[in-house]
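The values are calculated or read from the model by the stated rules, or taken from the named source; none is laboratory data. The structure displayed is predicted, hence computed values, not measured ones. When we count neighbours, we look across all protein chains shown, and the Cβ atoms used for this are built from the backbone with ideal geometry, even at glycine. Only protein heavy atoms, including side chains, enter the accessible area calculation; ligands, DNA and RNA are left aside. Shrake-Rupley method; radii C 1.70, N 1.55, O 1.52, S 1.80 Å.
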Amino acid sequence: MTNTAFRALVALLALAGARLSASELPAPEDLAKVRWIPRPCIDFYEAHRAALAQGGPPPAESEVIGLPNDGPEANRKILATFGRLPASDAEVDWDAVVNRWLIGEPSTLNPLFASSRYEFWLSELLFAQPVSTDRRFEHYGDLNVVETWETSADRLMDRIVFRDDLTWSDGTPFTAHDVEFTFKVLTDKRVQIPAIRSLAEGLRAVKAYDKKTVVYFQKEALATNHLHMAWPFIPSHVYETSWAEDSTLQKSEHHVKLNNAPVTLGPYKLVSWRKAQEIVLARDEEWFLGKDGRAIRRKPFFREVRFKVFAGTAPLVLAFLGGDVDEAQLDSVQWTKDTAAKGFYATHTKVRGDEWAFAFIGWNARSVPPNPFFGDKRVRLAMTYALDHDFLRNELFFGLYQPAAGVFHPDAWMAAKGLEPFRQDLDKAEELLDEAGWKDSDSDGGRDKLVDGKLVPFDFTLICPSVGTGPKVAEQLKSDLEKIGVKCHVQLIEWVKFQTDVHEHKAQAFIQAWGTGTDPDTMRNIWMTREYETGRNHVGYSNPRVDALFEQARREHDLAKRAALYGEIDRRIYEDHPLTMLVYTPTLWGFSTSLRGYAHSPRGFTRVLPGFHAWWKMSRETKTAAPAR
């Protein structure tokens, strides 16, 4: 097939929405005729070092160790000093162990099934991917993984040449065929992987042309095409046969074992997993040393990474204060009170940053079984007006959290301007419920309504994870709703069951927090109508105009025009009110003073590059030489 004929076929199939079969893919000689445009590939660590250098030298450690974080200037100094990278290898304790944490047990270590933040934390250490993002959410090819990345002039093909020194943890060389195989798994609907699958849905085909070269065939020339390659891989030599025997990759004894002890491709490998206790990873020498013993990549800073499993945040913070873990996320009480004791800063510090994340109450318009309450926008608004937002923000969150309005953080480039947070207005709440037909018809103090000929009381169940501040929010909502004749039952459940119930639409209402993706297009699987069945549209939201805006925005390459489209999405969701927005949740984090190299982004301290891979601990000799505060 000539290149001209192939391009015409791609355009035709794009209109038809078809995938490319093997016979329709271009031959290598046809690819040679394509005009390829180089895309930037970087060493994320060195790029981060260069960015830090532009900010000038950080304050001396003698000025910062022991400094209380009592405001923005102290916070800036702590981040600058403890966030620095080592000046030389001699500063690093290469035998160091870092103790991290997880709340609750991960469901799996298979990277394709990752859906929670904790599973992604593990995945980013155990598995590599070709395209990643830095702290500014700019996407680049990762030079630890690829040699080159190119895009065809029509933006319908991306060609990546992988490094030839990547090795699976069982010693088998990684090849481009692993990429092609993983794509086949991602597109098999029998495998339940909605979070990762959404990244690959924009691809028509993935083809390995030799051991190193992969071409990704895009469905359309979208502004978001780089996201379609930002997924990890699984080894074809391990799964090819077993996938045919168990198409779910979860049920067979073989797959259960692999999900608990996967064959990995990253800077660390799995050592052990003691259920409900600890997951231990170790530095993988084959990642950074060639067969001749020479360095081929930067040596990971830690000999071991230990993830300790906690049932909730309270025992986690106790372990942090006691020195059993090196870092911990803090809630508002822990930031304000638990880390205020005299002597905290002798061995610890704490930092904060604005994160593009928010806490909310979700009102399920299409629950299973159906509920008669939350399909009505007036009812959803009434729930929001009933809640004492000021009490939550000032008494529960100590004024540390910014009131939330839109689903995009106001600092984000795509956020709508001028959206106002809600305040409690019980009169307005009652007016809306009356208008929606929910009145106290029998004078028993509770609201009710005639639905399909039956008198139904306004009596619903709100589910919430049993850890964190959610239970206190739930109790406040319950108390406030009683004032307007609505009965709310609060059900606290463990995290895995909560995820299942929400995903299966069993929850009438729920409390949760969401973070940000690296592009607003990643929220399409939360807000588009079609994502109710297989995506993450857990509240049954549907607005044809929002669906159309998401489609339009991913086709717009001008950033200012994209921002305007997403701003309209933000405003329409705000007006439709599928959620009660509570607060934007900042990053509040505690660190041991032994740790260095952490830097903040709108996703927190991880989930970008170099992220955790820049964390390190000082050698004992360096500590001894450093002056004390």
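Which is farthest toward the positive dipole end of the chain among Pro59, Phe408, Ser88, measuring Cα position about the Cα centre, with Cβ charges +1 (Lys, Arg) and -1 (Asp, Glu)?
Result: Ser88, furthest along the dipole toward the positive end.
What pairs from Lys33/Lys219; Lys449/Lys483; Lys211/Lys291; Lys212/Lys275; Lys184/Lys257 go past 29 Å between their alpha carbons?
Lys212/Lys275
So which GluC sites (Glu not before Pro) in region 490-558 end up in coil per DSSP with only 12 or fewer other C-beta atoms within 10 Å?
Of the GluC sites (Glu not before Pro), the ones in loops of region 490-558 whose Cβ has at most 12 other Cβ atoms within 10 Å are Glu504.
Give me the accessible area per residue for region 491-537, probe 1.4 Å, as a whole number in Å².
40 Å²
Per 10 Å bin, what percent of the C-alpha pairs of region 438-525 does each bin hold, from zero upward?
Result, from short to long distances: 15, 34, 30, 17, 4, 0 percent.
Pull out the extension gain between Ala548 and Val368, defined as 0.36 nm times the separation in residues minus the alpha carbon to alpha carbon distance; nm, one decimal.
Length gained between Ala548 and Val368: 62.1 nm.
Rounded to the nearest 0.05, what FRET efficiency do Arg35 and Glu575 give with R0 = 45 Å and r taken as the Cβ-Cβ distance? Could you check?
Once the sixth-power term is evaluated, E becomes 0.50.
Taking Cα pairs under 8 Å and at least six residues apart, what relative contact order does region 145-292 come out at, in percent?
After rounding, I find 22 percent.
Given H placed 1.01 Å from N in the peptide plane, which residues other than close sequence neighbours of Cys41 have an amide H under 5 Å from its amide H?
Gly141
Within region 343-451, list the chymotrypsin sites (Phe, Trp or Tyr not before Pro) lying in a DSSP loop whose Cβ has at most 14 other Cβ atoms in a 10 Å radius.
Phe398, Trp413
Can you give me the % of accessible surface on region 49-181 that is carbon or sulfur? Probe 1.4 Å, all protein chains present, nothing else counted.
Heavy-atom surface of region 49-181 belonging to carbon and sulfur, 1.4 Å probe: 51 percent.
Select from region 175-234 those trypsin sites (Lys or Arg not before Pro) which occupy a DSSP coil region and have at most 16 other Cβ atoms within 10 Å, ordered by residue number.
Lys189, Arg190, Lys211
Could you look at region 332-458 and say what percent of its accessible area is carbon and sulfur, using a 1.4 Å probe and all protein chains?
It is 50 percent, rounded to a whole number.
Going down the table (Lys377/Lys506; Lys299/Lys617; Lys308/Lys350), which pairs top 18 Å between alpha carbons?
Where the Cα-Cα span goes over 18 Å, the pairs concerned are Lys377/Lys506; Lys308/Lys350.
Is it possible to state the helix-based mean residue ellipticity at 222 nm for the chain, with each DSSP H run of 4+ residues giving -39500 (n - 2.57), the sum divided by total residues, to the nearest 500 deg cm²/dmol? What is it?
Helices in the chain give a 222 nm mean residue ellipticity of -8500 deg cm²/dmol.
Can you give the charge dipole size of region 197-241 about its Cα centre, rounded to the nearest 20 debye, using +1 on the beta carbon of Lys and Arg and -1 on the beta carbon of Asp and Glu?
80 debye
Of the beta bridges DSSP finds with both residues in the chain, what % are antiparallel, to the nearest 5?
In the chain, DSSP labels about 75 percent of beta bridges as antiparallel.
Where nothing but the Cβ of Lys and Arg (+1) and of Asp and Glu (-1) is charged, how large is the charge dipole of the chain around its Cα centre, in debye to the nearest 20?
Using only the charged Cβ atoms, the result is roughly 840 debye.
I need to check one value: relative contact order of the chain, counting alpha carbon pairs closer than 8 Å and at least 6 residues apart, in percent.
Result for the chain is 19 percent.
Would you kindly state how much longer the chain becomes between Val271 and Thr172 on full extension, computed as 0.36 nm times their sequence separation minus their alpha carbon distance, in nm to one decimal?
Contour length minus Cα-Cα distance gives 33.8 nm.
Read through the labelled values (1) 83, 70, 50; (2) 81, 48, 48; (3) 89, 51, 48 and report the label of the one computed as Cα extents along the principal axes in Å from the structure.
Matching entry in (1) 83, 70, 50; (2) 81, 48, 48; (3) 89, 51, 48: (1).
State the extension gain, in nm to one decimal, for the chain segment bounded by Phe288 and Asp459, taking 0.36 nm per residue of separation less the distance between their alpha-carbons.
Additional length available on full extension: 55.7 nm.
Please name which of Leu549, Ser479, Pro465 has its Cα lying farthest along the dipole of the chain towards the positive end, using unit charges on Cβ (Lys, Arg +1; Asp, Glu -1) and the Cα centre as origin.
Farthest towards the positive pole: Leu549.
With each pseudo-label sitting 7 Å past Cα toward Cβ, what's the Ala90-Ala560 distance in nm, one decimal?
With each label placed 7 Å out from Cα toward Cβ, I get 5.3 nm.
Tell me, what is the FRET efficiency for Ser62 and Ala261 to the nearest 0.05, using R0 = 56 angstrom and their Cβ-Cβ distance as r?
Efficiency computed from Cβ-Cβ geometry: 0.80.
How big is the dipole moment of region 385-486 about its Cα centre under a simple scheme where the beta carbon of each Lys and Arg is +1, that of each Asp and Glu is -1, and everything else is neutral? Debye, nearest 20, please.
About 420 debye.
In sequence order, what are the phi-derived ³J(HN,Hα) couplings for region 291-307 according to the Karplus relation 6.51 cos²θ - 1.76 cosθ + 1.60 with θ = phi - 60°, rounded to whole Hz, with x for glycine and proline?
Result, rounded to whole Hz: 5, 8, x, 7, 5, 10, 8, 5, 5, x, 6, 10, 5, 9, 10, 10, 9.
Tell me, what is the FRET efficiency for Glu138 and Thr241 to the nearest 0.05, using R0 = 41 angstrom and their Cβ-Cβ distance as r?
0.55
Would you mind computing, in nm to one decimal, how far apart the modelled labels at Lys251 and Ala51 are, each placed 7 Å from Cα along Cα→Cβ?
Distance between the two pseudo-spin positions: 4.5 nm.
What do you reckon, how do Leu186, Leu270 stack up by accessible area (1.4 Å probe), largest on top?
Putting Leu186, Leu270 in descending order of accessible area: Leu270, Leu186.
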